[in-house]
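Participant: Just passing along the structure, written as structure tokens.
Derivation of every value follows stated rules applied to the coordinates shown; laboratory data play no part. Computed from a predicted structure; not experimentally measured. Don't worry about glycine lacking a Cβ; one is built from the backbone with ideal geometry, like all the others, and counts go over all protein chains shown.
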Amino acid sequence: MLIKMGDRGSSVTSVQQMLNTTGTRLPLLSIDGIFGVKTRSRVVEFQNDNGLVADGLVGDATSAALKKGRPNDAQFFSQLSALTSQAGVGLPPAGMVYFVPHQRALLAPLAPGAPQRSGVVGSPVVGSFAIPFQIAFQFTPQGQLFMLLIVIMMLIVALMLASKNPALRQRGRFWEKEVENMQSTAGEKGAGEAARDAAAKAKQQAREFIDSKSEALERCKQGNLIPTGPCAKALAEVARVMAEIAQKLRQSFDTFPSIAAGIGRNMGELIAALRDAAINCKGCDDLI
């Protein structure tokens, strides 16, 4: 059944009620059973925020997404917290100086019981941007993807800033500003557009980082002509994880959050492997 502009009746009423329980940057709808301009605007916003075709028509895909409801925000917070904690372990001190305060600032509004959440849970509606974008974005799959990508990008910024390679540190400062700008403009863009933008930039940043580390790995191998023991094991692990990340980067993870989550886990593995290589191999200091 297709519900569209100009329709009236109980089916439109049901759509309006479901739209009023999703995250929005627009005013609440009046439940009048009339599919007018305001209802269509809310449908388009919902479609954008959930990775659907934004045509303003409530067809099978949009109807199914509305009935599914918002994601489990408590579970998402738990998963995101675990990812940042696990991946951040092993960051060099210079990277921790950047990552720890930024991680806390990002996650604090999301924590169950946080003051910013007062009155939000159960009625996830954002008016006049009074509630941090983190809260609004929890309520959509695309919003969760955006938050995940921001965490991945912050991890890479931390590694770049801690690098002994001056060129890579300079790129780290560039990406630090990019991540800040992405967060400051996310509320205006909405979750859908913000997630698409973050997906493209995260791929670009990760490719830059992987390319730089691949060059450092080759230099390390040349300095360890017959690497054995811990060095050989560490170099093999670095190569394996970078290959996995490179493979994931060839996929379109803007609509597949599981791929982005996999990259996040790989980043934690890579941080540990780079640290081990720098410790156990001679001439490999610039690996981290």
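Participant: Calculated FRET efficiency, VAL100 and ALA239, Cβ-Cβ r, R0 30 Å, to nearest 0.05?
Facilitator: Working: r = 29 Å, r/R0 = 0.96.
FRET efficiency, VAL100 to ALA239: 0.55.
Participant: I'd like the FRET efficiency for ARG169 and SER30, computed as 1/(1 + (r/R0)^6) with the beta carbon distance as r and R0 of 41 Å, rounded to 0.05.
Facilitator: Using R0 = 41 Å, I get an efficiency of 0.15.
Participant: Another question, if that's okay. What is the packing order of peptides 100-109, 44-53, taking the mean over residues of other C-beta atoms within 10 Å and listing the highest first?
Facilitator: Numbers: 100-109: 15.3, 44-53: 21.1.
Descending mean neighbour count gives 44-53, 100-109.
Participant: A follow-up question, please. What does the charge count around GLY88 come to, taking other residues whose C-beta lies under 14 Å from its C-beta (Lys +1, Arg +1, Asp -1, Glu -1)? Let's see the in-between values first.
Facilitator: Numbers: positive: ARG104, ARG265, ARG275; negative: GLU269.
Taking every Cβ under 14 Å from that of GLY88, the sum is +2.
Participant: ALA61 versus ASN20, label points 7 Å from Cα toward the beta carbon: distance in nm?
Facilitator: 2.8
Participant: So, counting K/R as plus one and D/E as minus one, what does the shell of residues with Cβ under 10 Å around GLN16 add up to? Each step should come with its number before you reach the end.
Facilitator: Working: positive: LYS38, ARG42; negative: ASP32.
For residues surrounding GLN16, the net value is +1.
Participant: For LYS177, list the lysines whose Cα falls under 26 Å from its own Cα; do not include residues on the same chain fewer than 8 positions away.
Facilitator: LYS164, LYS189, LYS201, LYS203, LYS213, LYS248
Participant: Got a sec? Charge dipole of the stretch 147-225, +1 on Cβ for Lys and Arg, -1 for Asp and Glu; which of GLN183, GLY223, PHE209 is way out at the positive end?
Facilitator: GLY223
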